[in-house]
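K.L.:
Before I ask anything, let me first share the structure, which is written out below as structure tokens.
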Amino acid sequence: MTNFEVRQYDAAGRLGELTVPRAGVTVETPTILPVVNPHVQTVAPATLASEFGAEILITNSYILHGSDDLREPVLEQGLHDLLGFDGAIMTDSGSFQLAEYGDIDVTTEEILEFQHEIGSDIGTPVDIPTPPDVDRERATEELKTTQERLEHAATVDTGEMLVSAPVQGATYPDLRERAAADAVSTGLDVFPLGAVVPLMNEYRYADLADVVAACKRGLGEVGPVHLFGAGHPMMFAMAAALGCDLFDSAAYALYARDDRYLTVQGTELLDELSYFPCHCPVCTDHTPAELDAMDADQREELLARHNLHVTYGEIRTVKQAIRSGNLMELVDSRARGHPAMLDGFRALLDHAEQLERTDPVSKDAFFYTSHESARRPEVRRHQDRLERLPVEGDEVLLTEGSSSAQYDESWGVLPPFGPYPRELADTYPLTAEVPDRTDRAAYEAAATGVRRLVELHPDVSFTLVHDDWPATALDRVPERVRLRDLHARD
Ligand SMILES: [Zn+2]
């Protein structure tokens, strides 16, 4: 894949550049593609570009194809003129309508050719969006059809138009992983992860994390990866940390229609707000009461603008976090917005080993911001690295405090990482900022590190100065380690 380049990683999150040859533009990722309904434009595409900096948007070619009033104009003028947008335009195929209504009346070849004819920059074949939780037989069967269509799509002449290869497989991780590998093998360009909207609608963020992680295992580091239908800013950080590059959503407009107000922590109802917790032009120029008193159209437009400001603001926040190397701290902070997001964060950490593969070896800082930090990829990496660090002495002291001449060798101990040679004290991640009131999870993780080191050196005698480590941590330390508690009286 030469149309996508990664500039920087944090966890599995990527700052990247997607070159869209037909539009003659390069789009910086992660980014959001606002969904533009060709019939109802709450915010005009030209405004999306000028006011919000939109470089790419998505619209539905199936609606245009079937529309009595737009089909001819779009074929005549082309999509960019019709919508009044110079940037990149991706088109969806009608798979969503297939999922909603069970039937559509175009083939992959027809809809791809139509997308090409109207000037789409990224086209989409008609895949089968298999919903979560269906039986395995159905998921497998539908996947087979999707893969046949993707393979067929790869043979359709679409010129410079990029073509996406949606990844399905419902909630079966092994099917998702295989579907992703098969999608890559087609040689198509963009990889949407399909049929995840029901998971997001039901706040099943843990299941979402597992699905994304499974797809990423099959995709490897090709890209870009598009989380289809994901548009709530509260989950951008988490999805980006798992390796998603593109989001799309009509949420900004649909929520505005129902007087719903997006924040990075969740959704508020306009009539329950006395104050706007936001610095965008809409929120600094108006109060909730003023918006409430407006006529519905004006209120909808202003709410849509606020929703877009929050959405693009969070995209910039995610990009800066990747650049600064503190994306995991951002995910941690966003996870506090809703218990279901916390489930998502914890599920993401189940995949720490996978995230570790692309996580930079060195960053500016590691902030221990919650007990979930004890499960971050850096902790796992440090403990894996113990295998390569020599132990020279026969009597080795492990201590959070200073070394002692009574021992041949003295290692430092830092929760949550565990033991480390003192010469590494100034290297990442051992430069981590950890609160003085350390929690049990950090001690338990440190004890896991101690156990690992001790098991690697069966002939060495270890002493651990553990101060006031909790019993659940000490339970993890092998019995042959001598324990010294400096706080206890001998
Ligand atoms: Zn606002």
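K.L.:
Quick check: residue separation of GLU148 and ARG422 times 0.36 nm, minus the Cα distance between them. What number comes out in nm?
P.N.:
On the way: separation 274, 0.36 × 274 = 98.64 nm, distance 5.70 nm.
Extra length available between GLU148 and ARG422 comes to 92.9 nm.
K.L.:
VAL6 versus SER362, label points 7 Å from Cα toward the beta carbon: distance in nm?
P.N.:
2.0 nm
K.L.:
Sticking with this one: Going by average Cβ neighbours within 10 Å, how do the peptides 191-199, 239-247, 376-384, 475-483 rank, with the highest at the top? Display every interim value, and only then the final one.
P.N.:
On the way: 191-199: 25.3, 239-247: 28.3, 376-384: 21.3, 475-483: 13.3.
Result, highest mean Cβ count within 10 Å first: 239-247, 191-199, 376-384, 475-483.
K.L.:
Follow-up. May I ask for the net charge around GLU109, where only other residues with Cβ less than 11 Å from the Cβ of GLU109 are counted and Lys, Arg are +1 while Asp, Glu are -1? Provide the component values of the computation, followed by the final result.
P.N.:
Details: positive: ARG149; negative: GLU110, GLU113, ASP157.
Charge balance in the 11 Å sphere: -2.
K.L.:
Residue by residue through the stretch 442-459, what is 3J(HN,Hα) from phi via Karplus (6.51 cos²θ - 1.76 cosθ + 1.60, θ = phi - 60°)? Round to whole Hz and write x for glycine and proline.
P.N.:
Computed from phi, the couplings for the stretch 442-459 are 5, 5, 5, 5, 4, 5, 4, x, 4, 4, 4, 5, 5, 5, 6, 10, x, 9 Hz.
K.L.:
Report the far tail of the P(r) of the chain, meaning the percent of Cα-Cα pairs longer than 35 Å. Intermediate values should be presented prior to the final figure.
P.N.:
On the way: 48712 of 119805 pairs.
Counting every Cα pair in the chain, those more than 35 Å apart make up 41 percent.
K.L.:
Relative contact order for the stretch 98-154: what is it in percent, counting Cα pairs under 8 Å that are at least 6 residues apart? Display every interim value, and only then the final one.
P.N.:
Working: 38 pairs, mean separation 21.6, N = 57.
Normalised by residue count, the contact order of the stretch 98-154 is 38 percent.
K.L.:
Over the stretch 19-60, what is the relative contact order in whole percent, taking alpha-carbon pairs under 8 Å and six or more residues apart? All intermediate terms of the calculation are to be shown ahead of the outcome.
P.N.:
Working: 30 pairs, mean separation 19.0, N = 42.
Once normalised by length, the contact order is 45 percent.
K.L.:
What's the magnitude of the charge dipole for the stretch 362-485 around its Cα centre, counting Lys and Arg as +1 and Asp and Glu as -1 at the beta-carbon? Answer in Debye, nearest 20. Before the final figure, lay out the partial values.
P.N.:
Working: 16 positive and 24 negative charges, 90 e Å.
For this selection, approximately 440 debye.
K.L.:
Another one. Taking 8 Å as the Cα distance limit and 6 or more residues as the minimum spacing, I'd like the relative contact order of the stretch 362-485 as a percentage.
P.N.:
Once divided by the residue count of the stretch 362-485, the mean separation gives 28 percent.
K.L.:
Going toward the positive end of the dipole of the stretch 4-349, with +1 on Lys and Arg Cβ and -1 on Asp and Glu Cβ, which of ALA88, PHE114, GLY337 do you reach last?
P.N.:
In the stretch 4-349, that residue is GLY337.
K.L.:
Between ASP133 and residues 5 or more places away or on another chain, which pairs have amide H atoms under 5 Å apart, with H built 1.01 Å from N, and which residues are they?
P.N.:
Placed amide hydrogens put THR171 under 5 Å from ASP133.
K.L.:
May I pose another question? I'd like the chymotrypsin sites (Phe, Trp or Tyr not before Pro) in the stretch 248-357 restricted to DSSP loop residues with at most 15 other Cβ atoms within 10 Å, sorted by number.
P.N.:
Qualifying residues, ordered by number: TYR275.
K.L.:
If you don't mind, there's one more thing I want to ask. Would you mind getting me the FRET efficiency between GLU433 and ASP258? Use the beta-carbon distance for r and R0 = 35 Å, nearest 0.05. Provide the component values of the computation, followed by the final result.
P.N.:
Values: r = 42 Å, r/R0 = 1.20.
Once the sixth-power term is evaluated, E becomes 0.25.
K.L.:
Please find the FRET efficiency linking ALA289 to ALA405, where r is the Cβ-Cβ separation and R0 is fixed at 60 Å, and quote it to the nearest 0.05.
P.N.:
Values: r = 72 Å, r/R0 = 1.20.
Working from the Cβ atoms, E equals 0.25.
K.L.:
Test of understanding: what is the full-extension gain from THR155 to THR19, defined as 0.36 nm times their sequence separation minus their Cα-Cα distance?
P.N.:
46.8 nm
K.L.:
With the full set of protein chains in place, find how many percent of the accessible area of the chain is carbon and sulfur; take the probe as 1.4 Å.
P.N.:
Details: 9390 of 20810 Å².
That fraction is 45 percent.
K.L.:
Work through the residues other than SER373 whose Cβ is under 11 Å from its Cβ and net out their charges, Lys, Arg +1 and Asp, Glu -1.
P.N.:
Working: positive: ARG375, ARG376; negative: GLU329, ASP332, GLU372, GLU378, GLU433, ASP439.
Residues close to SER373 contribute a combined charge of -4.
K.L.:
Can you give the FRET efficiency for THR107 and GLU137, using 1/(1 + (r/R0)^6), R0 = 30 Å, r = Cβ-Cβ distance, to the nearest 0.05?
P.N.:
Numbers: r = 25 Å, r/R0 = 0.83.
Taking R0 as 30 Å, the efficiency between THR107 and GLU137 is 0.75.
K.L.:
Then there's this: Restricting to the chain, what percent of DSSP beta bridges are antiparallel, rounded to 5? Could you put the intermediate results ahead of the total?
P.N.:
Numbers: 18 of 52 bridges.
The antiparallel proportion sits near 35 percent.
K.L.:
For the chain, just give the cysteines left without a disulfide-compatible partner, judged by no other Cys Cβ under 4.7 Å.
P.N.:
CYS215, CYS244, CYS280
K.L.:
While we're here: Tell me, what HN-Hα J-couplings in whole Hz come from the Karplus equation 6.51 cos²θ - 1.76 cosθ + 1.60 at θ = phi - 60° for each residue of the stretch 400-413, using x for Gly and Pro?
P.N.:
3J(HN,Hα) across the stretch 400-413, in whole Hz: 6, x, 8, 6, 9, 5, 5, 10, 5, 8, 9, 9, x, 10.
K.L.:
Once label points are set 7 Å from the Cα along Cα→Cβ at both ASP297 and THR26, what is their separation, rounded to one decimal in nm?
P.N.:
Label-label distance for ASP297 and THR26, simple model: 4.2 nm.
K.L.:
For the chain, what is the accessible area per residue in Å², given a 1.4 Å probe and the full set of protein chains? Could the numbers behind the result be given before it?
P.N.:
Details: 20810 Å² over 490 residues.
With all protein chains present, the chain gives 42 Å² per residue.
K.L.:
Need the full-extension length gain, THR317 to ARG71, defined as separation in residues times 0.36 nm minus the C-alpha distance. One decimal, nm.
P.N.:
Working: separation 246, 0.36 × 246 = 88.56 nm, distance 3.87 nm.
In short, 84.7 nm is gained.
The values are calculated or read from the model by the stated rules, or taken from the named source; none is laboratory data. This is a predicted model, so every value here is computed, not measured. Don't worry about glycine lacking a Cβ; one is built from the backbone with ideal geometry, like all the others, and counts go over all protein chains shown. Side chains are part of the model used for accessible areas, which takes the heavy atoms of the whole protein and leaves out ligands, DNA and RNA. Shrake-Rupley method; radii C 1.70, N 1.55, O 1.52, S 1.80 Å.
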